[in-house]
Every structure is written in structure tokens, then in C-alpha cells.
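One structure below.
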Ligand code: FE2
């Protein structure tokens, strides 16, 4: 006699009134089909129901179970969310079959031990994996990211403070502080390190030819004790260049043409260890129509120049840093994982929790945000055609090293600047993920050859390269993996992107953007071409209309709030790994994360504007909003 436990998911809709049947499959053959007794509460949400079934032969070691659903009486067939099945054999051996997904008609669930397929894998399991992937590929056909699919008072504001009328309907801990300090140069600069777009800034060793900043211009900022040449040599000069935004078509909103620009901003790490802007050119092309604005200009000239930079930063942040480099990447990982890795594969077990809700939120983004008449069309300068152009240009610049945090920091020359909390917190989390992934990989792959010869894993990596990176070899993104070390790095990148990176560029949106002048969604006047003419009135005319502002603020409010049933980084309530060792690796990972979290929380207590976005207790496991 075999003893079974069948567990239904806990969501309200998880249960079913269908008839369920089961077949046990072992190395010596399979059982007959056993109908599980039908009682109203056997498969309701949260039920774990026990059954006994008698099999007249020895099935040997169990490989999988097959579940079938049929209509009960005249009731329609309804989907069932199955958590797992366990089977205790007559000799007492326990087998676990984790599923954690919906069943519509039937499902084959392999035994829970993660298995990398080799020539010695039992033919029954080989067949099951082929069948599973065949079905999934059919339902996840067409990987193309459809960029074409991406894509209410109409007055200007009369008084800047009125913007608070909109944002005060919703409040976050920091949005009030931002509205008070947004004009400070030190705050402006600190956002490149600890704001919502912390991956653009890079060290500047030579002033770019198209940004002719002179010693004389920046002398008042740098003071008498140093000069630009010296500070360049000391590694204290940094550049924020919005080149990728050049040539992106601008929207028309409320019947008015909007304006975009690709500014360049030079920054200096001063002796107080603050990063402050020292020169801004609101164009890629120098000339008399594009003066270089300086902190020594009139207050309004300088404020407007900074607003232009913030406006470009908003677009680049949302379209490149946020949408492309987290949401769309995670979507590629999600579809490739579903199509190429069967559920018994240990890498499927490792990654799938980090892809929860990604397709759902991206479908929402396509219709409500970047789709026709969505938020972008209504309120952003990149709406009505700009997004696909910007995405394409941004995509051409995505490299493997820019996706891997340690390489990215190095590549931008940002290893040594003080108070770069995105870097400091991020590196700790990267290391924790890397050590967890490394434990898992070395447990399942005992040699580099096993990695090289795993056809399912290689197909997964190849599909991501082909469909996600359009086979662009110059990106440096791997198209095959030959060693355990390269696999560890790749998986660390995948998990970090889907969790920590997304949190860093998503969770603070309301904090930084609800005070609209700190991140205008569009600009209604062209960049100023002369100094000394800007007034508060011209600034208000240049900022988004009342209705665009409202759309922007309510959107960033929605996007800053994670789903109700959150799963934090490293939380795996679905027990897909059934073996003890990987379960211990998970515990260790959780301990490491909780130590990092404690450190960050302690540090944040001392800060005027804390940096909570990479506190592991605040990071969602996947891209879900
Ligand atoms: Fe997001």
C-alpha cells in the first residue's frame, strides 16, 4: 500500500471540484490509474489530504506521478493549483513531488531531487522532460519583444508649491524632504549615487571634445587651491552624459509640442566628499545656442539647467535603466526558462521564484503605460513614438559587464568614490547571491564538463542570447557556458537583475519623483539658448502641465508599491528543492541577507535621507511591479 498526501495551494481560487486520478511511475513500471475519492473538502484551498492506494506490483524507486483531472458530474472543469504530492512506499521510503503551479487537465510531476540530464538519466524522466518542454514551448511561442506595443486641466502650474496639492494625496517618508532640498547642488549630485538612477555616472579622465568646459568656467566652483586639470588627474571629476537620448522624437501633449534634449553634466567630488555639479550643457553639440551653465550663473538659470538634466534623467531612468535593463530582461529570462528548462532541472528550481509576476506586470506595462493612449503618451516626452527609438538606442549599449554589478562599477571607474550606497549595499547582496548560487551549482554540477554537456542549460543560455540580445556578440553576453564559474556569474547576474537591481531602480520612484521638478516627465519649452533671461515664470511655463504632472505622480505612486503577497529576496515558500543540502544553502543565504539588512538599517538611522532600497528585507524576489 502506498500512502499519498496531496496539497492544494492556499490562494482562494486554488481549489477544485474536479475528479482527480493518479498514476505512480517507478523504475519497474507504473501503477494503474487510481481515482482519488471525491469529497467536497479534499481539494479546497489549503487542503493537505491523505489517501491510500494499493498497487499489486513493486514499482521500485519512484520517478514521477501523473495527475489527471476530469469533470465532476455536470460541473465544468476548473483549474487547480497543486502545491505538491508526497508518496510513502510500502517499505517506508518517502518521495516528494513539488509542483506549485496550475493544472488544467493533466500533469507529470518528476520526483523533487534536482536532476541535470545525462546519458544515465532514466528514459522515463528524459521522456517527461521532452514532453513538458514541448507543451510549454507551444504556449510560450513568439519571443519577440514587441516594441511597437510600447509605446486630463491642461494649464501650466502657476505656483510651484501647488504641486504639493497632488503629491500630498499620497505621501512617502522621503518625498517631503526631497521637495525641500531639490535645489541643493549636493542633493542633485547625490542622486547619481543614491537616487533612483544610480548607474549612469562615470569617472571623467578627459573633458569630452563636445563639452568644452574651461578652467576659467569652473574656477569659482573648485576654489583657489586646485584646478580642473588637477582634479581630473586626482579622479575627482565625473560625467553624466545623456547622449543616448539624442534624436529621440518628442511628444505632443495637450496639443502643445514638447521638447527633449540630451544634456551633459560635469560633477566634482569636493573635499567634503559631496558630489556637486559644476557645469551643464543642455545639448550634445556645443555652440553659442547652447551655453554652458554654471553654478555662478543667476539662480534661475542654474535651476533650469539642472531641471533639464533631471528631465533627461527621468526618461533614461524609466526607459533604459528600469524598463529595458530590469523588466524586459526579466521577461526574456522568464520565457526562456519556461521554454527550455523542465521543472525537474535544478536551475529551473533556482530561478523560477525570481520570475514570479514578471509577465503579468509587463503585460500591464504594455497596455497601461507604454501602449497607445497610456501614461507615456499622456504625460511623457517619449510618448507617441519616442520609447521604441530610445529603447533601440539603449539596447545597442547593453553589455554583459554593464549587467554584472562588480564589472559595471569598475567599468565606470566608480570603485572609490565615497558615499556610493547603491554600490556598497549592492556589492554585499551580489556577493551573497553569488555564494548561494555557487553552493547550488557545485552541488549539482560536479565538473565543468557537466555544465558544457547539459543540453537543457545550454539551450536556455542560447535562447536568451538569441532572443534577448539579438545575437549581438559585441555585447559580451555569453551564448554558451563552459565552466561552473561562468555559470555561477551568469545566474548571479540573472537573480541580481530580477531582485536587487529592480528594487534599486523601482522602489524609490515616488520618493524622488513625486516632487515633479526633481524629475519632470516632459518639458514644454525648448532649452534656454541665452543666459540671464530665465525667471520663475519661464520655469513654470517649461514644466509639465497640471494634468501631465498628476498622471506622472499617480503612476509613480502605483509603481512604488509592491504586491500584497510579497516574497522578499531569498524567501522560497514553495519548496522546490526537496533535498536537505540545497535547503541548508537556502537557510545560509537567508542568514547572510538578514545580516546585511541589519547593517543597512543601522546605517540608515544616522542619515538625513536614508537609502533603504537595497535593504534585503525590502527587496522583492522578482520584477513584480
Ligand atoms: Fe518596476
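No lab work stands behind these numbers, since they all come straight from the coordinates. Since we're looking at a predicted model, the values are computed, not measured. Glycine also receives a Cβ, built like all others from the backbone with ideal geometry; neighbour counts cover every protein chain displayed.
A few notes on this one:
- Principal axes of region 583-625: Cα extent on each, largest first, Å: 39, 26, 7
- Region 2-146 shape via C-alpha gyration tensor axes, a/c threshold 1.5: oblate
- Packing rank of 246-257, 262-273, 325-336, where each peptide gets the mean count of other beta carbons within 10 Å, highest leading: 325-336, 262-273, 246-257
- Counting neighbouring beta carbons within 10 Å and listing from fewest to most, the residues 414, 343, 1 come out as 1, 414, 343.
- Using only alpha-carbon positions in region 151-287, the gyration tensor eigenvalues give semi-axes of 31, 21, 13 Å once each is multiplied by 5 and square-rooted (largest first).
- Per residue, the convex hull volume that the Cα atoms of region 160-618 enclose (Å³): 141
- Computed E for residue 176/residue 474 - FRET, C-beta separation, R0 45 angstrom, nearest 0.05: 0.50
- Value of [θ]222 nm, deg cm²/dmol, for the chain, DSSP H segments ≥ 4, -39500 (n - 2.57) each, nearest 500: -10500 deg cm²/dmol
- For the listed peptides 128-138, 484-494, a ranking on the average number of other beta carbons within 10 Å per residue, highest first, reads 484-494, 128-138.
- Spin-label model distance (nm) - residue 91 vs residue 448, 7 Å beyond Cα toward Cβ: 4.0
- When each of the peptides 462-471, 89-98 is scored by the mean number of other C-beta atoms lying within 10 Å of its residues, the order from highest to lowest reads 462-471, 89-98.
- Fewest-first sequence of 408, 162 by Cβ atoms within 10 Å of each Cβ: 162, 408
- Cα-based shape type of region 293-378, given that a ≥ b ≥ c are square roots of the gyration tensor eigenvalues and the cut on a/c is 1.5: prolate
- For region 575-625 versus region 232-300, the gap between their alpha-carbon centres in whole angstrom: 36
- Sequence-separation-based contact order of region 2-146, relative, with Cα cut under 8 Å and 6+ spacing, percent: 26
- Among 154, 555, the ranking by other beta carbons within 10 Å of each residue's beta carbon, starting with the fewest, stands as 154, 555.
- Separation between Cα centres of region 308-372 and region 445-498, rounded to whole Å: 18
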